[in-house]
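Read-outs: derived from the displayed coordinates by stated rules, not from any lab. Since the model is a prediction, treat every value here as computed from it, not as a measurement. Ideal geometry is used to build each Cβ from the backbone, glycine not excepted, and the neighbour counts take in all protein chains shown.
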Amino acid sequence: MLRALVEYIIAGVDYFEAEARALRRGVMRLGLGLMLLLAAGLLLVGGIGLLAAGLYLLLAIYLPPYAAAGIDGAVVLVLAGALIWRARAVTD
């Protein structure tokens, strides 16, 4: 009777140890995925900024600087609005 109880306790401890190892691996993978996602987000923001600067420089050739900045800002706001709308559609 006592031997069976000890074996159940040892089996339970082994089970929890295996689950803890699996949880640790999962947390490590999640952390790595979040770091890569953050890096991709920073690169995306930089790329959008460079595209907006390029659009401004192109428009500044043909338009006054204030008009080029206004059009460039409007394009970026429309793009941001479209992304927000898409994100809301995906999460609903």
Selection status of I61, exposed (fewer than 10 other Cβ atoms within 10 Å of the Cβ) and either in a helix (DSSP H, G or I) or touching a residue at least 40 places away in the same chain (Cβ under 8 Å) (or both): yes
Checking G26, G41, G31, G12 in turn, the sole residue that is within 11 Å of the chain's Cα centre (by Cα), part of a helix (DSSP H, G or I) and of a type in the set (G, A, S) turns out to be G41
Review point. Quick check: anything in segment 81-90 part of a helix (DSSP H, G or I), exposed (fewer than 10 other Cβ atoms within 10 Å of the Cβ), within 20 Å of the chain's Cα centre (by Cα) and of a type in the set (D, E, K, R)?
Key: yes
